[in-house]
Ligand SMILES: C[S@@+](CC[C@H](N)C(=O)[O-])C[C@H]1O[C@@H](n2cnc3c(N)ncnc32)[C@H](O)[C@@H]1O
């Protein structure tokens with residue numbers, strides 16, 4: 001199969017692409033951006049190494065599949081062949097790229113700031129669609145940026161590439177019509193709002209601590225704030241300065257019981273996830289279903305943690321909490337608050353970013369979730 005046929009087969013599956021983006025996918029072949037050895041990370045199965053020398057056909061098959069391909073682990077400290085560690089750069093799955101570009105929706109002539117050059121593929125797609133002179137892409141890792149420059153040259157493209165911390169944006173090129181963020185953020189850096197033209201858009205994968213990520217499209221209002229809504233679910237590697245780790249705590253656990261089934265809290269809906277992340281921005285959680293239907297939820301924040309264990313024969317659910325906060329108590333209250341609002345779906349929530357920070361709201365920007373007890377008054 002020729003490269004052109006492979007691209008057609010891939011783009012035919014990506015319903016988010018309009019004709020202009022489809023042309024860009026053909027003009028900027030993805031395989032030019034993939035190293036000879038990389039780690040394929042499909043979302044429906046285990047990861048595996050792709051090696052162009054050992055199996056060139058399989059390497060090309062993966063390049064034109066809808067899989068994310070990891071190109072750096074632990075900021076380059078771990079060999080890609082191991083496939084283990086923190087994934088720190090990748091070319092995102094084409095379906096995710098298409099969804100984000102659809103939301104970005106630039107006009108011809110728009111100037112775009114991209115955060116996270118990575119392999120250079122999405123910078124290339126933007127440059128092909130809008131022209132090299134309209135695209136600035138920032139990358140924090142010097143080695144990655146050098147490789148991306150080579151990839152883009154091979155594709156005949158030369159958008160402006162800037163080595164630096166994308167959290168600060170790039171003032172020299174502002175204002176931008178569009179900011180295209182390809183790493184996850186817990187909090188939207190205010191510099192992006194300042195550097196966006198009134199009416200311009202910032203498309204960003206919001207990766208709160210609680211549960212999964214969500215694509216957000218924020219529009220700059222012109223008064224120094226940006227406001228927007230939530231779209232599809234996503235999973236992105238984090239902006240470097242916003243990575244987090246689990247604290248080590250020494251205190252003894254306090255025991256209690258709850259009658260709320262924790263499985264409902266973590267599996268209700270994307271609406272519940274956004275509401276809880278908005279009300280409890282510092283709380284992380286992981287959970288697993290164990291043999292015999294048992295279920296364990298682990299919560300933590302910077303100074304507290306909680307363990308919640310459900311077993312099918314329990315009437316009540318055992319809770320262990322320590323630190324100054326009762327994280328399960330807070331999670332239970334936030335979840336039940338969401339239920340009391342009528343269990344609203346994700347598309348009823350939005351985000352506002354101001355110089356003071358960001359907050360999540362329900363239905364209207366003046367109905368902030370950050371003070372849940374006053375909500376609705
Ligand atoms: C998912 S990859 C980007 C994929 C890229 N758009 C592509 O097409 O290959 C995320 C990238 O963001 C970069 N990154 C992380 N923190 C950053 C920061 N503060 N400023 C700029 N780039 C950053 C990472 O080094 C990584 O290369």
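Quick one: would you say residue 41 is within 16 Å of the ligand (Cβ to nearest atom) and under 22 Å from residue 232 (Cα atoms)?
On the way: within 16 Å of the ligand (Cβ to nearest atom): yes; under 22 Å from residue 232 (Cα atoms): yes.
The answer is yes for residue 41.
Could you tell me which of the residues 188, 227, 216 is closer than 21 Å to residue 123 by Cα and in a strand (DSSP E or B)? Even if it seems obvious, please write down each step before you answer.
Numbers: 188 fails: in a strand (DSSP E or B); 227 fails: closer than 21 Å to residue 123 by Cα.
Within the list 188, 227, 216, the selection yields 216.
Can you find a residue in the stretch 260-269 that is part of a helix (DSSP H, G or I) and closer than 27 Å to residue 67 by Cβ? Within the stretch 260-269, one or more residues are part of a helix (DSSP H, G or I) and closer than 27 Å to residue 67 by Cβ. Just checking, does the stretch 272-281 include any residue being closer than 19 Å to residue 211 by Cβ and more than 23 Å from the chain's Cα centre (by Cα)? Within the stretch 272-281 (the criterion being closer than 19 Å to residue 211 by Cβ and more than 23 Å from the chain's Cα centre (by Cα)), the answer is no, since none of the residues qualifies.
Take the conditions (1) assigned to a helix (DSSP H, G or I); (2) more than 12 Å from the ligand (Cβ to nearest atom); (3) at pLDDT 95 or above; residue 66 misses just one of them, which is (1).
Checking 46, 29, 106, 56 one by one, the residue that is under 25 Å from residue 153 (Cα atoms) and exposed (fewer than 15 other Cβ atoms within 10 Å of the Cβ) is 56 and no other. Taken across the stretch 220-235, residues that are at pLDDT below 95 and within 12 Å of the ligand (Cβ to nearest atom) do occur, with at least one present.
When we screen 136, 196 for residues that are assigned by TED's automatic domain parsing to the domain that holds residue 96, more than 10 Å from the ligand (Cβ to nearest atom), touching a helix residue (DSSP H, G or I) at 6+ places or on another chain (Cβ under 7 Å) and more than 23 Å from residue 77 (Cα to Cα), the only hit is 136. For residue 157, state whether it is within 12 Å of the ligand (Cβ to nearest atom) and more than 18 Å from the chain's Cα centre (by Cα). Taking the combined requirement at face value, the residue does not satisfy it.
Residue-by-condition table, conditions (1) within 15 Å of the ligand (Cβ to nearest atom); (2) within 17 Å of the chain's Cα centre (by Cα); (3) surrounded by 19 or more Cβ atoms within 10 Å (Cβ to Cβ):
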{"residue": "164", "(1), (2), (3)": "yes, no, no"}
{"residue": "168", "(1), (2), (3)": "yes, no, no"}
{"residue": "172", "(1), (2), (3)": "no, no, no"}
{"residue": "183", "(1), (2), (3)": "yes, yes, yes"}
{"residue": "189", "(1), (2), (3)": "yes, yes, yes"}
{"residue": "192", "(1), (2), (3)": "yes, yes, yes"}
{"residue": "202", "(1), (2), (3)": "yes, yes, yes"}
{"residue": "207", "(1), (2), (3)": "yes, yes, yes"}
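Residues are listed down the side, and each one gets a yes or a no for (1) over 17 Å from residue 266 (Cα atoms); (2) surrounded by 18 or more Cβ atoms within 10 Å (Cβ to Cβ):
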position: 278; (1), (2): no, yes
position: 307; (1), (2): no, no
position: 312; (1), (2): no, no
position: 319; (1), (2): no, yes
position: 324; (1), (2): yes, no
position: 331; (1), (2): no, yes
position: 339; (1), (2): no, no
position: 353; (1), (2): yes, yes
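From 99, 123, 93, grab the single residue that is modelled with pLDDT of 95 or more, away from the ligand (no atom under 13 Å from the Cβ) and either under 25 Å from residue 230 (Cα atoms) or crowded, with 23+ Cβ neighbours inside 10 Å (or both). Spell out the reasoning first.
Values: 123 fails: away from the ligand (no atom under 13 Å from the Cβ); 93 fails: away from the ligand (no atom under 13 Å from the Cβ).
Residue meeting the stated conditions: 99.
For the stretch 249-272, filtered to residues that are surrounded by 16 or more Cβ atoms within 10 Å (Cβ to Cβ) and out of contact with any strand residue (DSSP E or B) (no Cβ under 8 Å at 6 or more places or on another chain), the residue that is modelled with the lowest pLDDT is 268. Scanning the stretch 69-90 for residues that are more than 10 Å from the ligand (Cβ to nearest atom) and at negative phi yields 73, 77, 78, 79, 80, 81, 82, 84, 86. The set of residues in the stretch 36-63 being under 23 Å from residue 16 (Cβ atoms), at pLDDT 95 or above and assigned to a strand (DSSP E or B) consists of 40 alone.
Taking residue 109 as the residue in question, decide whether it is touching a residue at least 24 places away in the same chain (Cβ under 8 Å) and more than 15 Å from the ligand (Cβ to nearest atom).
Details: touching a residue at least 24 places away in the same chain (Cβ under 8 Å): yes; more than 15 Å from the ligand (Cβ to nearest atom): yes.
Criteria met by residue 109.
Among residues of the stretch 297-318 being within 25 Å of the chain's Cα centre (by Cα) and not in a loop (DSSP other than H, G, I, E, B), the one that is farthest from residue 187 (Cα to Cα) is 297. Being more than 13 Å from residue 207 (Cβ to Cβ), under 17 Å from the mean Cα position of the chain (by Cα) and in contact (Cβ under 8 Å) with a residue 24 or more places away in the chain is the requirement here; does residue 218 meet it? Against the criterion (more than 13 Å from residue 207 (Cβ to Cβ), under 17 Å from the mean Cα position of the chain (by Cα) and in contact (Cβ under 8 Å) with a residue 24 or more places away in the chain), residue 218 qualifies. A residue that is surrounded by 13 or more Cβ atoms within 10 Å (Cβ to Cβ) and part of a strand (DSSP E or B) can be found somewhere in the stretch 238-248.
The values are calculated or read from the model by the stated rules, or taken from the named source; none is laboratory data. It should be emphasised that the depicted structure is a prediction, and the values quoted were computed from it without experimental measurement. Because the Cβ atoms are built from the backbone with ideal geometry, glycine has one as well, and the counts that use them run over all protein chains shown.
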